[in-house]
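The values are calculated or read from the model by the stated rules, or taken from the named source; none is laboratory data. Here the structure is a predicted model, which means the values were calculated and not measured. Backbone-built Cβ (ideal geometry, glycine too); neighbour counts: all protein chains shown. The protein model used for the area step is the full one, side chains on, heavy atoms only, and it has no ligands, DNA or RNA in it. Shrake-Rupley method; radii C 1.70, N 1.55, O 1.52, S 1.80 Å.
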Amino acid sequence: MENELNEKAARIFSQYAPFIRDYIYKNEWSKLRLAQIDAGDAIFNSDSNIIISSSTASGKTEAALFPILSLIEKNPSTSISVLYVAPTKALINDQHDRLSLILENSSTIKVTKWHGDASAANKQKMLTHPSGILQITPESLESILVNHSSDVVRIFGDLRFVIFDEIHKTSLD
C-alpha cells in the first residue's frame with residue numbers, strides 16, 4: 001500500500017510545473033501529503049468537481065493550487081484562469097502572500113487580490129488585462145458582476161477553475 005502511494009505521489013509530482021517542483025525543493029519538503037496526492041490525481045485526471053477536506057495546516061491550499069497552477073502554466077487562458085473566493089480580506093491577504101511566493105518563478109501566472117483595501121491600480125490592471133488568479137471576497141465579486149457587467153465575458157470568458165476557500169457546514173436544527 002505504501003509503495004503504491006509513493007508511486008502515485010511520484011506521478012503527481014512529475015506533472016507539476018517546474019516552478020512548483022522548484023518551490024517544493026526550495027522549501028525542503030520530504031514528501032507530498034495525502035490530500036495533495038489525492039487532489040492532484042483528481043485535478044490532473046478528471047473533469048469532476050472536487051472538495052478537499054482535511055485538517056488545519058494539512059496542505060489543502062497547495063493540494064488545490066499545485067495541479068491547477070501547473071495546468072494553467074502549461075496552457076494559459078485568455079481571461080482570468082482561476083477565481084479564488086474567500087470570505088475575508090485577511091484570508092485573501094494571507095493566501096496572496098503565500099501564492100506570490102509559489103509564483104515567484106512562474107513566467108506566465110500573476111495573482112491579483114480584490115477587496116475593499118486592495119490597490120485600485122492593481123484592480124484596474126486586472127480589469128484591463130484579465131489573467132492569472134483573482135482572489136476576491138463574495139461582496140467584491142458581486143460588485144464586479146454588477147459594476148462591470150459589460151466586461152464579464154472578457155474578464156471571465158476562459159475561466160478554468162473556481163476555488164471556494166473556507167466552506168462551512170451549517171445546521172438548521
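Determine whether Pro76 is part of a loop (DSSP other than H, G, I, E, B) and in contact (Cβ under 8 Å) with a residue 40 or more places away in the chain. It would help to see each step written out before you state the result.
Working: part of a loop (DSSP other than H, G, I, E, B): yes; in contact (Cβ under 8 Å) with a residue 40 or more places away in the chain: yes.
Spelling it out, Pro76 is indeed part of a loop (DSSP other than H, G, I, E, B) and in contact (Cβ under 8 Å) with a residue 40 or more places away in the chain.
Listed here are the residues, each with its yes/no results for (1) touching a Ser or Thr at 6+ places or on another chain (Cβ under 6 Å); (2) modelled with pLDDT of 95 or more.
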| residue | (1), (2) |
| --- | --- |
| Ile68 | no, yes |
| Asp97 | no, no |
| Asn122 | yes, no |
| Pro130 | yes, yes |
| Leu141 | no, yes |
| Leu145 | no, yes |
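Which one is most open to solvent (accessible area, probe 1.4 Å), of the residues in the range 104-115 that are under 18 Å from Ser79 (Cα atoms) and not basic (Lys, Arg)?
By that ranking, first place goes to Ser107.
Tell me which residues, restricted to the range 28-47, are open to solvent by less than 80 Å² (accessible area, probe 1.4 Å) and outside any helix (DSSP H, G or I).
Residues satisfying the conditions are Trp29, Leu32, Ser46.
What residue, of Ala86, Ala57, Ala42, Ala17, is free of Cβ contacts under 8 Å to residues at least 12 places away in the same chain, among the aliphatic types (A, V, I, L, M) and either touching a Gly at 6+ places or on another chain (Cβ under 8 Å) or under 29 Å from Val152 (Cβ atoms) (or both)?
Answer to the selection: Ala42.
Do you know which of the residues in the range 1-27 that are open to solvent by 20 Å² or more (accessible area, probe 1.4 Å) and hydroxyl-bearing (Ser, Thr, Tyr) is nearest to Asn75 (Cα to Cα)?
Selected residue: Ser14.
Out of the range 73-94, which residues are open to solvent by less than 10 Å² (accessible area, probe 1.4 Å) and polar (S, T, N, Q)?
Within the range 73-94, Ser79, Ser81 meet the criteria.
Which of (1) open to solvent by less than 20 Å² (accessible area, probe 1.4 Å); (2) part of a loop (DSSP other than H, G, I, E, B); (3) among the hydroxyl-bearing types (Ser, Thr, Tyr) is the odd one out, the single condition Ser70 does not satisfy?
(2)
Based on what the data block shows, is Arg98 in contact with a strand residue (DSSP E or B) (Cβ under 6 Å, 6 or more places away or on another chain) and either touching a residue at least 60 places away in the same chain (Cβ under 8 Å) or exposed (fewer than 15 other Cβ atoms within 10 Å of the Cβ) (or both)?
no
If you take the residues of the range 128-165 that are free of Cβ contacts under 8 Å to residues at least 40 places away in the same chain and among the charged types (D, E, K, R), which of them is nearest to Asp97 (Cα to Cα)?
That would be Glu139.
Condition first: small (Gly, Ala, Ser) and closer than 17 Å to Phe161 by Cβ. Can you find one or more residues in the range 109-129 that meet it?
No, that holds for no residue.
Can you name the number of the only condition in (1) modelled with pLDDT of 95 or more; (2) of a type outside the set (Val, Ile, Thr); (3) more than 15 Å from the chain's Cα centre (by Cα); (4) surrounded by 19 or more Cβ atoms within 10 Å (Cβ to Cβ) that Ala118 fails?
The one condition Ala118 does not meet is (1).
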